[in-house]
Amino acid sequence: MTMVALSELSERDEFSAVIIRTDFTDEAAWRETTAELERSSHYDGDPAESYDVVDAPELAGADTDAILTAISANEELWDQVSVVFVADSTTMRADHHALLAVTTMTREDFDDDEEYEAMVGIGREFRTEPSGVHSIHANLELANMDFEDFLSSAHEDSEGVFRSFSTTAG
């Protein structure tokens, strides 16, 4: 895991998922979360290099809009990522340590208003177990799948958490 400031994220490896940590109340929960991120990595090298962590205590308790505003201030990063993962208080409290997956896509990323409104109507965020982060990130970066595919799967889970496409029956 590479620790970087939000302003330095433009220098990240484009294939590394971006984790924004906003809660610092439970170090044991954070270690469990990062251990699962590393166990589930398909990265050829050190699994800890498959994601970048931004420590952002200033975003503690922030809603999705505030997080997106903070990211959008870094224009180069904003253009590089289609999803960020937030390790917030819910992540630290839940047994499954599900991170909040938030799309950075805006109206400009869609061909028409209907397509954008359909995506926004479903939602801009969902929870994912740490083991889902790499799959989500890679599939979105490679355009193999859309954010809505993962979002729909999470909505089908009894807890609203993306687990994988084979076990979402909650």
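How many residues does segment 83-132 contain that are at positive phi and over 17 Å from the mean Cα position of the chain (by Cα)?
Total satisfying the criteria: 0.
Among the residues of segment 78-102, count how many are hydrophobic (A, V, I, L, M, F, W, C), closer than 23 Å to Phe162 by Cβ and part of a helix (DSSP H, G or I).
Total meeting the criteria: 1.
Suppose we filter segment 32-73 for residues that are in contact with a Pro (Cβ under 7 Å, 6 or more places away or on another chain), modelled with pLDDT of 90 or more and among the hydroxyl-bearing types (Ser, Thr, Tyr); how many remain?
Residues flagged as in contact with a Pro (Cβ under 7 Å, 6 or more places away or on another chain), modelled with pLDDT of 90 or more and among the hydroxyl-bearing types (Ser, Thr, Tyr) within segment 32-73 amount to 1.
Give segment 90-126 a look and list any residue that's more than 19 Å from Asp52 (Cα to Cα) and hydroxyl-bearing (Ser, Thr, Tyr), or say none.
Passing the criteria: Thr90, Thr106, Tyr116.
Would you pick out the residues in segment 103-128 that are in a loop (DSSP other than H, G, I, E, B) and closer than 19 Å to Ala70 by Cα?
Hits for segment 103-128 are Thr104, Met105, Thr106, Arg124.
Would you mind stating whether Ile71 is touching a Leu at 6+ places or on another chain (Cβ under 9 Å), of a type in the set (A, V, I, L, M, F, W, C) and either on the phi > 0 side of the Ramachandran plot or without any contact (Cβ under 8 Å) to a residue 60 or more places away in the chain (or both)?
no
Check Ala98, Ala94 and return the single one that is surrounded by fewer than 18 Cβ atoms within 10 Å (Cβ to Cβ), modelled with pLDDT of 90 or more, among the hydrophobic types (A, V, I, L, M, F, W, C) and out of contact with any Cys (no Cβ under 8 Å at 6 or more places or on another chain).
Ala94
I'd like the full set of residues that are within 15 Å of Val83 (Cα to Cα) and free of Cβ contacts under 8 Å to residues at least 12 places away in the same chain, limited to segment 51-65.
Asp65
Looking at segment 129-151, which of the residues that are outside any helix (DSSP H, G or I) and within 17 Å of Tyr51 (Cβ to Cβ) is modelled with the highest pLDDT?
Glu129
The values are calculated or read from the model by the stated rules, or taken from the named source; none is laboratory data. In this text, all values refer to a predicted model and were calculated from it rather than measured experimentally. When we count neighbours, we look across all protein chains shown, and the Cβ atoms used for this are built from the backbone with ideal geometry, even at glycine.
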